[in-house]
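Have a look at the structure below, then the notes.
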Amino acid sequence: MLKSGTLLLKRISNKTFIIISILILICSYSVANNQSRLDSLYYLLETTRHDTSKVNLLVSISRIHEKSDLSLSLQYSQRALEIAEKTGNKKSVAYALFNLGNVSFSQGLFPIAVSYFEKYIELQHKFENVIPIAFAQINLGAINIKLNQFEQAEKYFLSALESFRQAESADPSKSFDKESIHIYNNLGIIYQREKDVNKAIEYYNKGIELAERTYEESEIFAMLFNNLSSVLLDMNKTTKALSPMEEALKIRLKNKDRAGEASSYKMIARYHTILNNNQEARKYLNKAFSIAKEIGNNSLKAEICNDIFNNYQLLNQSDSALKYHILLKELNDIMSKDEALKELTRIELTAQFEQQDLIRQANQKRKELRYFIIGLVLFLSVVILTLLYFLLWGRMKRLKLEKKNAQLVSKNLELEKTTLGQELEIRNKELTTNVMHQIQRNELVNEVVQKLQDFGKTLRKEDQHLILGFVSGLKKTQNTAVWNEFEVRFQQVHNEYYDKLNLINPDLTPNDRRLCAFLRLNMSTKEIASITGQSIRSIEVARTRLRRKLNLTNSDTGLVEFLSQL
């Protein structure tokens, strides 16, 4: 899907885009690696004064970083959008929006990617550009497949396919065969997952037929064959399934696609397993496993490892089966850790996006207010000059108008103050919601851990290590960085709170300040214990110690009441 997005970015370029693309191309041929290309792009970015060129350069830089550092790619993409919005050039804005959608998609930030693609489509509707909208719909369809929202994904793909057909009918010189092949493959995947095998076969065959006409012996061609054979195996049509899976393997061997080759061997092993040729199946599984180890694809290794485990079980070779079961567990643990790290990164980037979006909205409001004030000042100037001109006969009218304008300015200032207060309240609610979410999550994990531990006590000792492994895994998933995120959000909302605490007692420990922050949000002892992982008794002792440090020992003022007044 990202490949289709790149094609669109090429198609929507205007004259300025072409000029800057030529510069980028020259730079690409004059250097030997990505770092050199980046240096050239950075130099162009610093020297150019044209905002549209800056947008193109920033998008190009973000694409290079997309292969190595998605977070940095996202930053350059967002900067491109900010400059595009500043220029007011709708085409530049659309260009930056589509790129941001692609980068967010790569990062796994699906809701954010959907938001950008929908904004892009809304903008393209104003230009009545059907084909760019179709490319965005392809990406939205791919995202919905990831989210298992197959009905919505199908709508996007069919709409994009219809747009391509209409464009080709209107102009026969245009061809969208490659895009259509990808759409047919995705539609086949949707129907295969929904167990509508006949529809799945229909779309896979359409994709294969179109690929054969265009001589497209690429990975998508092999994927179509492999997917078709998978459906046929699901239907127990083993004889028909063999030919497409062999075609897929032939293409992948020709293209030296090692990951695809392993997937083909895995599919052929499944074919032999269905025919009870378990020895032959293991031969292909061993080939697939060797390739997966060679390319370091843990996900593929885990899938093949599970198939080998099942193969040994069918042959009643329990020792070998146990070996691969242990290996499968190790691989799943590694992938779980990697996925947890990725999820933390996604959470962090989502929080950054939300924060930047709030800042962007606030800046937009300030910009609108500034224009309003400028317009108001100009209007008042005209009014004053007019009133001066008619001073002899309009003195009273002028005074009334000035008074009315002063009231209007006062109301606008009051409105601005109210708006800022509402923004502070929203941020405070977001902070509290985030904390409560972490509390609920920790409580749920602790409850599951306790139940697993209680259940483990009822098992034999040789089985208890499995339960202990699950417990250990659950504990590892708990977010140990809750306080760091909380402290950042808290300081954004209550930026002077810690300064006031330091004036009262500069010797407060970090734990004391943390407890003060929780109490400032009116959290109960139980809630604080849940989010910090301490016992309720420990929190009560900490509160007593804090009262003493804040000189409240002999005072009737409650600790929460005192802190809420700071």
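The values are calculated or read from the model by the stated rules, or taken from the named source; none is laboratory data. These numbers come from a predicted model, not from an experiment. Every residue, glycine among them, receives a Cβ derived from its backbone with ideal geometry; neighbour counts consider all protein chains shown.
Cβ-Cβ contacts under 7 Å between residues 6 or more apart (or on different chains), taken from a first residue in the range 82-109 that is without any contact (Cβ under 8 Å) to a residue 24 or more places away in the chain and among the charged types (D, E, K, R) to a second residue that is crowded, with 24+ Cβ neighbours inside 10 Å and in a helix (DSSP H, G or I), are absent.
Number of residues in the range 309-324 that are in contact with a Ser or Thr (Cβ under 8 Å, 6 or more places away or on another chain) and aliphatic (A, V, I, L, M): the value is 1.
Per-residue answers, yes or no, for (1) within 25 Å of Lys367 (Cβ to Cβ); (2) at pLDDT below 90; (3) over 24 Å from the mean Cα position of the chain (by Cα); (4) among the aromatic types (Phe, Trp, Tyr):
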| residue | (1), (2), (3), (4) |
| --- | --- |
| Asp69 | no, yes, no, no |
| Leu74 | yes, yes, no, no |
| Leu81 | yes, yes, no, no |
| Glu128 | no, yes, yes, no |
| Glu162 | no, no, yes, no |
| Arg165 | no, no, yes, no |
| Ala170 | no, yes, yes, no |
| Ser180 | no, no, yes, no |
| Ile183 | no, no, no, no |
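Inspect the range 112-121 for any residue being of a type in the set (D, E, K, R), touching a residue at least 24 places away in the same chain (Cβ under 8 Å), surrounded by fewer than 18 Cβ atoms within 10 Å (Cβ to Cβ) and part of a helix (DSSP H, G or I) and give the result as yes or no. No - not one qualifying residue is present in the range 112-121.
Going by what's in this entry, would Asn511 be described as under 30 Å from Ala340 (Cα atoms) and modelled with pLDDT of 80 or more? So Asn511 passes the test. Filter the range 97-108 down to residues that are buried (at least 22 other Cβ atoms within 10 Å of the Cβ) and either touching a Ser or Thr at 6+ places or on another chain (Cβ under 9 Å) or outside any helix (DSSP H, G or I) (or both), then give me how many there are. Residues meeting the conditions: 6. Out of contact with any helix residue (DSSP H, G or I) (no Cβ under 9 Å at 6 or more places or on another chain), over 30 Å from Thr273 (Cβ atoms) and assigned to a helix (DSSP H, G or I): does that describe Ser163? Against the criterion (out of contact with any helix residue (DSSP H, G or I) (no Cβ under 9 Å at 6 or more places or on another chain), over 30 Å from Thr273 (Cβ atoms) and assigned to a helix (DSSP H, G or I)), Ser163 does not qualify. Of the residues making up the range 284-297, those that are surrounded by 14 or more Cβ atoms within 10 Å (Cβ to Cβ), part of a helix (DSSP H, G or I) and either more than 28 Å from the chain's Cα centre (by Cα) or of a type outside the set (A, V, I, L, M) (or both) are Tyr284, Leu285, Asn286, Lys287, Ala288, Phe289, Ile291, Lys293.
Of all residues in the range 133-177, those satisfying the criterion of being charged (D, E, K, R) and out of contact with any Lys or Arg (no Cβ under 9 Å at 6 or more places or on another chain) are Lys146, Glu151, Glu154, Lys155, Glu162, Arg165, Asp171, Lys174. Considering each residue of the range 56-66 in turn, at least one proves to be of a type outside the set (Phe, Trp, Tyr) and modelled with pLDDT under 85. Is there any pair linking a residue in the range 271-292 that is at positive phi to one that is in a helix (DSSP H, G or I), with Cβ under 9 Å and at least six apart or on different chains, and which? Close Cβ pairs (under 9 Å, with a partner that is in a helix (DSSP H, G or I)) amount to Asn276/Leu314.
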